[in-house]
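Values quoted throughout were computed directly from the atomic coordinates according to the rules given, and no laboratory measurement underlies them. Everything numeric in this text was worked out from a predicted model, so none of it was measured. Neighbour counts run over all protein chains shown; Cβ positions are idealised from the backbone, glycine included.
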Amino acid sequence: MTKNFNKIVNIKIKSSFKSLQLFRIQWISSLILLLFSFLIIGCAKKDETEIILDNSEPLALAPDVQWAVVSEPYAAFKESKDWSASVIGHCRKGDVLQVKGKSLDSKNEVWYYFEQGWLPSSSVLVYNNRLKAQKISNQSEKQF
């Protein structure tokens, strides 16, 4: 009886060992198949997209040139960096302007100088390149 019992136990151990080996082989095969499929997908040729650069504004990406987007519905260009200065022009929300200068007034408020005149910092949002400024301007136009 002990011999039969030992035979049965040995058969069950061998069978469970074989099933464990089979499980390991299936698991490793699945892992290899998964890695291979990632390799194939990652190396597949992608559709080429053409990047078009707008050269109409040569200073659009210049690192030392700032661009402003008018944030007020209507803003008045001033002759000097002072609220009481005379109005010399107007602009509207979403207009993109190249910053020509920056200064503080007597009350330490920041003013920006443009070709058309001075605007306070409360009327504009300033960006480090024209593309960012234009993107914000386009988004503000869509809101209306």
**Request:** Go ahead and collect, in residue order, the members of region 117-138 whose backbone nitrogen is under 20 Å from a label point 7 Å along the Cα-Cβ direction of VAL87.
**Result:** 117-125
**Asked** For the peptides 97-104, 125-132, 31-38, what is the packing order when you average, over each peptide's residues, the other Cβ atoms within 10 Å and list the highest mean first?
**Response** 125-132, 97-104, 31-38
**Request:** Quick one: which residues, 5+ away or cross-chain, put their amide H under 5 Å from the amide H of GLY89? H built at 1.01 Å from N.
**Result:** PHE77
